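Have a look at the structure below before the remarks.
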Amino acid sequence: MSIIDIPGQAYRQSITTQTREKWDIPNSQSFEVTYRDRAELEDHKRRYTQNFFRTDAIPIYNCHGLTFAARRTTIWETTAVKKILSDDRYEQVPLRDVQPGDIILYVSADDGDIEHSGVVIESPSHPLLIPKVWSKWGFGAEVIHSANICPYDFSQARYYRIRS
Amino acid sequence: MNIDHQAMREFREVYLVSNTPLYLFKRLRQLQAVQQLAHGAEAEELIEEYIRRVKAKERTMEDVAIAYACLVAMTQKESPEAISLLRSLDLTDLNWASVIRDIYFTKKPAESTGRIKILNPSLPAVYAGTDAAASSAFTEPPKPKIEEEVNI
């Protein structure tokens with residue numbers, strides 16, 4: 001695995017990844033966070049003690065890369081995520097029907113930016129009906145967390161499932 | 001340029017969890033530390049710091065985070081000189097820097113609030129200035145709202 005050719009230098013490449021309809025998904029693999037920066041994550045972990053950080057900081061993929069591209073790359077354009085939802089036949093499901101394996105999108109209430117995504121791993125439970133989620137926090141770690149315990153706008157969370 | 005430890009920590013944390021350039025732009029703009037950079041430093045100083053950070057020989061995440069913070073602080077300086085410098089700045093050394101500049105120039109800032117408003121869902125968002133009272137990116141998570149199904 002190539003990590004850093006020149007430590008800390010931006011290094012960009014994209015890979016070929018497509019939707020079901022053979023649309024090329026814009027993406028990039030970034031190494032802007034060097035592996036010696038992993039220690040920075042420790043500070044972050046202390047802020048979210050109730051969450052389980054299951055990896056170190058991994059800069060190559062982000063949340064959408066985890067949810068839609070098998071952890072291979074970073075997808076950061078909201079228009080691309082919308083295209084994936086459409087081409088891959090995702091349909092929105094109501095909170096009461098959410099199951100493990102569905103995906104969660106955190107949509108900014110301000111501007112519609114899909115600022116985060118993840119995979120539901122536990123159905124919403126009473127009393128608050130908040131599912132448990134597996135997601136990747138930016139250039140940081142993969143995290144297991146309650147859907148509302150994260151630095152993203154949970155107020156407009158939406159859930160999707162592939163229907164056909 | 002003097003950037004205190006707490007400010008650096010906030011920059012790093014916002015950068016670390018950013019999944020999209022728009023998120024990075026918005027959250028940095030909300031930080032008081034970025035607003036202090038914008039008001040306390042000259043445009044030329046911000047540019048110098050940006051260049052120094054992105055050209056660092058062994059660039060760290062802190063360098064990258066501070067560079068983005070300087071860039072976003074530039075977008076909060078409304079002077080013609082700052083805007084001119086921002087337009088001419090080489091942004092090829094950071095993955096999202098040119099995207100952030102485009103966000104700023106295509107989502108015209110106004111003075112009143114710090115929120116981005118969608119005037120029409122089919123149109124680009126409009127960035128509406130700063131909110132000095134906004135807190136850091138890591139506030140207590142919001143309580144869930146009543147479910148509503150809205151197509152994206």
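Read the figures in this text as sums done on the coordinates, not as results from a lab. In this text, all values refer to a predicted model and were calculated from it rather than measured experimentally. All Cβ positions, even for glycine, are placed from backbone atoms using ideal geometry, and neighbour counts span all protein chains on display.
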(message) How large is log10 of I(q)/I(0) for chain A at q = 0.19 Å⁻¹ when the intensity is taken from the Debye formula with one equal scatterer per alpha-carbon?
(response) -1.26
(request) Quick one: grab the alpha carbon gyration tensor of region A:93-150, order the square roots of its eigenvalues as a ≥ b ≥ c, and give me rounded if a/c is under 1.5, else prolate or oblate depending on whether a/b is larger than b/c. (result) oblate
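Under the definition of partner shielding as Cβ atoms of other protein chains within 10 Å of a residue Cβ, what is the mean value for peptide B:28-35? Show your work: numbers first, answer last.
Details: counts 0, 0, 0, 0, 0, 0, 0, 0.
Per residue, the average neighbour count from other chains is 0.
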(request) Could you work out, residue by residue across A:41-47, how many beta carbons of other chains sit within 10 Å of that residue's beta carbon, and then give the average as an integer? (result) 2
(request) With the convex hull built on the Cα atoms of region B:5-105, state its orientation-averaged projected area in nm². (result) 5.7 nm²
(request) Scan around A:I130 for amide H atoms under 5 Å from its own, H built in the peptide plane at 1.01 Å from N, and keep only partners 5 or more places away or cross-chain. (result) A:S125
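I need the trypsin sites (Lys or Arg not before Pro) found in region B:1-102, filtered to DSSP loop residues with at most 15 other beta carbons within 10 Å of theirs. Numbers along the way, then the final one.
Details: sites: B:R9, B:R12, B:K26, B:R27, B:R29, B:R52, B:R53, B:K55, B:K57, B:R59, B:K77, B:R87, B:R101; in loops: B:K55, B:K57, B:R59, B:K77.
Sparse-neighbourhood loop trypsin sites (Lys or Arg not before Pro): B:K55, B:K57.
Assigning unit charges at the beta carbon (Lys, Arg +1; Asp, Glu -1) and nothing else, what dipole magnitude in debye, to the nearest 20, does chain A show about its Cα centre? Don't jump to the answer; show the numbers that get you there.
Working: 20 positive and 22 negative charges, 96 e Å.
Roughly 460 debye, rounded to the nearest 20.
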